[in-house]
Amino acid sequence: MGSAHDDRFWSKVIKGPRPNDCWLWTGAVSDDGYGRYWIQCDGGQQAVRPQRHAHTLLTGEQLPQETILMHSCDIPLCVRSTGGADSHTYPGTQADNLVDRSQKRRHANAHTWRWRGVGRANFAAQSRQLRDALKAHGWDESVILPLMSGHDPDAPTLF
């Protein structure tokens with residue numbers, strides 16, 4: 001992994017201006033609403049989640065396959081995976097993620113979270129809408145904060 005590889009990755013990330021802002025992925029988005037990044041390995045290519053790749057780049061640690069990175073910010077496109085106190089992701093298991101989801105009321109019966117109970121296609125569409133807004137406007141909070149928080153009743157619907 002040389003610096004050209006690192007530059008290619010970071011060119012797809014927009015970092016917010018404040019010390020604790022998200023670092024948002026503007027590259028490919030998978031059908032599950034999370035980012036996707038292609039890396040070279042063993043003479044071929046492999047798709048990885050950008051937050052995992054950022055974690056490896058920033059910490060040098062290769063997480064075990066069964067370990068997932070959970071988002072404290074609840075923004076699927078956030079890649080702020082420093083491994084430190086300022087990280088927006090932290091390692092866990094799928095079971096940990098389900099507990100976190102329930103505690104934060106990010107499930108079908110919740111009523112506070114923007115992406116609650118939406119189908120997989122809508123979840124992916126909402127991530128792509130945020131990604132496209134970032135690519136078109138950069139870190140323009142009047143555009144992206146409603147897409148990130150869901151608190152703006154005037155935010156456009158997708159369908």
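Since every read-out is calculated from the coordinates, none of them should be taken as a lab result. Since this is a predicted model, take the numbers as computed values, not measurements. No Cβ is skipped: glycine too gets one built from the backbone with ideal geometry, and neighbour counts run over all protein chains shown.
Think of the range 1-83 as having a plus end and a minus end, set by charges on the Cβ of Lys, Arg, Asp and Glu; of His71, Gln51, Trp23, Trp23 sits farthest toward the positive end of this dipole. The residues neighbouring Arg36, those whose beta-carbon lies less than 13 Å from its own, together hold a net charge of +3 under the Lys/Arg +1, Asp/Glu -1 convention. The Cβ shell under 15 Å around Gln62 holds other residues with a net charge of -1, Lys and Arg each +1, Asp and Glu each -1.
By how many nm would the segment from Leu58 to Gln46 grow when fully extended, if each residue of separation counts as 0.36 nm and the alpha-carbon distance is taken off?
So the chain would gain 2.4 nm between Leu58 and Gln46.
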